[in-house]
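Accompanying notes for the structure given below.
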Amino acid sequence: MRSPLMRRLGLSAVLAVVLAVFGLAPSASADPAPAELTFATDTATTTPGGTVNLSMTLTNNKTYDIWFVYQTIDPTWLTTQRPDLKYSFTGCALTTAAGSTPCSGTGPADLGANYGTTVPPGQSRTVTLTLQIAADSGCNGNVGFYSYFYAEFSDTTSVSGGPVYTPETRVLCA
């Protein structure tokens, strides 16, 4: 006597094969995240007293405007383990179609306001922070950061992301 469980499993397997053959089976899709944060630096190395431009690009992959963004940026754990590495953010600029405009809020709190009021669907905003390495900083260490962000869309949905890591900058001895 066949078990009803085996009969159901067999039927499920046949149905799955038929759906796969005709292309109707659900597939794993690589849909982009509703909002994506990426980082880039203009150089991978610097010396004490040098600067590095750290660009943060927020892309809206959704069909609704981003109305609000909150973003933090903090040093990685390895960066905090080197107290001889001295650095600070000394500048901030938002790149727009009309050029570059200064922004405020550099540091670990609320960088999101710097992206401008609205990010339309399919568009990006880039904010560039200037990282100044102190002249008396230690060297032969890496400076890196990580970020979390939260974005709200005009359709009342939201998304959280992170941690997103920046490229590390190596501080070299001159």
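Of all the numbered requirements in (1) modelled with pLDDT of 90 or more; (2) outside any strand (DSSP E or B); (3) among the polar types (S, T, N, Q), Thr117 misses one, and that requirement is (1).
Condition (residue is open to solvent by 50 Å² or more (accessible area, probe 1.4 Å) and of a type in the set (A, V, I, L, M)) applied to the range 97-105: is it met by at least one residue? Yes, the range 97-105 contains a residue that is open to solvent by 50 Å² or more (accessible area, probe 1.4 Å) and of a type in the set (A, V, I, L, M). Looking only at residues in the range 83-95 that are open to solvent by 70 Å² or more (accessible area, probe 1.4 Å) and assigned to a loop (DSSP other than H, G, I, E, B), the one that is nearest to Ala135 (Cα to Cα) is Lys86. Selection of the range 30-82 for residues being free of Cβ contacts under 8 Å to residues at least 24 places away in the same chain and assigned to a loop (DSSP other than H, G, I, E, B) yields Ala30, Asp31, Asp42, Gln81. The residues of the range 125-169 that are assigned to a strand (DSSP E or B) and surrounded by fewer than 17 Cβ atoms within 10 Å (Cβ to Cβ), listed by number, are Thr130, Asn142, Tyr148, Tyr150, Ser158, Val159, Ser160, Gly162, Pro163, Tyr165.
The values are calculated or read from the model by the stated rules, or taken from the named source; none is laboratory data. These figures come from a predicted structure and were not determined experimentally. Heads up, the Cβs are rebuilt from the backbone with ideal geometry, glycines too, and the neighbour counts pull from every protein chain shown. In case anyone asks, the SASA skips ligands and DNA or RNA and just uses the protein heavy atoms, side chains included. Shrake-Rupley method; radii C 1.70, N 1.55, O 1.52, S 1.80 Å.
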